[in-house]
Amino acid sequence: MSAAGKPTLAVWKFSSCDGCQLTLLDCEDELLAIADGIEIAYFPEATSAQVEGPYDVSLVEGSVTTPHDAERIVEIREQSRLLVTIGACATSGGIQALRNFADVREWIPLVYAAPEHIATLESSTPIADHVHVDLELRGCPISKEQLVETISALLNARRPRLPSTSVCVECKSRGTPCVMVAHGTPCLGPVTQSGCGALCPAYNRGCYGCFGPMESPNMPALAAHWRALGVDDAGLVRALRTFNANADAFREASLEHERA
């Protein structure tokens, strides 16, 4: 609690693009409704003012990719009563987890002029691989509505109402015809957690899996349907290795099709 008796919120960045933090800043009017009930104690993206911990709630964006990251997240966990990971990087390792399927040491000298100065881990891993996480918010970026719902719920000592169904349910809710049935467009919607409002299918594009695998994804059934649409194993691997390449279900399925 702050000196004013308000719960304190801290926002932390690890290896990421800052998109999920920008989602928080983009809440604007929604944040005004809860601003009186919480104190933002640490959020360098938004303010230079800082209040020392411990913190009631920490939002963590980004994956662990360096030795310093691995040490720092332990310190943050010790200062946080509740720790919530936000976005694909923090919950599955992010796009940078593509390094997990190769030898990062081969790429460093191709990218950096002075590779001897680069201190990095061989893999990019989610925060939950290193410390206990109380709640995960998926997405690349996260849903503004889910973020506001989570902060509001934590302020009121209740469990946030977050979806566990697939994107297909969102397509049904908004009356969007299935792009795979109507147009033969490959779509990850049947195996992807809802949260985006089925944005891509609404524009006749297949889902890209931004929110990671749903609670019980049927990956073999999806692969069979994609093959019927003319997608080969290499195409399946490319589709699964994007924002949530290191999420368990997507990773295992992509490895299976890579070996095929």
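The values are calculated or read from the model by the stated rules, or taken from the named source; none is laboratory data. Keep in mind it's a predicted model, so treat the numbers as computed, not measured. Cβ atoms come from the backbone with ideal geometry, glycine included; neighbour counts cover every protein chain shown.
Evaluate segment 1-21: report whether one residue or more is surrounded by 15 or more Cβ atoms within 10 Å (Cβ to Cβ), in contact with an Asp or Glu (Cβ under 6 Å, 6 or more places away or on another chain), hydroxyl-bearing (S, T, Y) and modelled with pLDDT of 90 or more.
Taking every residue of segment 1-21 in turn, at least one turns out to be surrounded by 15 or more Cβ atoms within 10 Å (Cβ to Cβ), in contact with an Asp or Glu (Cβ under 6 Å, 6 or more places away or on another chain), hydroxyl-bearing (S, T, Y) and modelled with pLDDT of 90 or more.
Only one residue in L98, L147, L83 is in the same structural domain as D26 (by TED's automatic domain parsing), at pLDDT 90 or above, over 30 Å from P54 (Cα atoms) and not charged (D, E, K, R). Which one?
L98
A quick yes/no check of all residues on (1) farther than 20 Å from G87 by Cα; (2) out of contact with any strand residue (DSSP E or B) (no Cβ under 9 Å at 6 or more places or on another chain); (3) acidic (D, E); (4) part of a loop (DSSP other than H, G, I, E, B):
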| position | (1), (2), (3), (4) |
| --- | --- |
| E170 | no, yes, yes, no |
| G197 | no, yes, no, yes |
| C210 | no, no, no, yes |
| P217 | no, no, no, yes |
| R227 | yes, yes, no, no |
| F250 | no, no, no, no |
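Right, V74: part of a helix (DSSP H, G or I), within 23 Å of the chain's Cα centre (by Cα) and of a type in the set (A, V, I, L, M) or not?
yes
Which is part of a helix (DSSP H, G or I), within 27 Å of L240 (Cβ to Cβ) and not small (G, A, S), of T91, T85?
None of the other options fit; the residue is T91.
Are there any pairs with C-beta distances below 7 angstrom linking a residue in segment 51-80 that is not assigned by TED's automatic domain parsing to the domain that holds A128 to a residue that is not in a helix (DSSP H, G or I), with the two at least 6 apart or on different chains, and if so which?
none
Would you mind telling me which numbered condition in (1) exposed (fewer than 14 other Cβ atoms within 10 Å of the Cβ); (2) closer than 23 Å to L147 by Cα; (3) touching an Asp or Glu at 6+ places or on another chain (Cβ under 7 Å) A198 fails?
(1)
(1) over 30 Å from E52 (Cα atoms); (2) touching a Phe, Trp or Tyr at 6+ places or on another chain (Cβ under 7 Å): which one isn't true of C140, the others all being true?
(1)
Scan segment 104-126 and tell me whether some residue there is of a type in the set (V, I, T), in contact with a Leu (Cβ under 9 Å, 6 or more places away or on another chain) and either at pLDDT 95 or above or surrounded by 24 or more Cβ atoms within 10 Å (Cβ to Cβ) (or both).
Checking segment 104-126: not a single residue is of a type in the set (V, I, T), in contact with a Leu (Cβ under 9 Å, 6 or more places away or on another chain) and either at pLDDT 95 or above or surrounded by 24 or more Cβ atoms within 10 Å (Cβ to Cβ) (or both).
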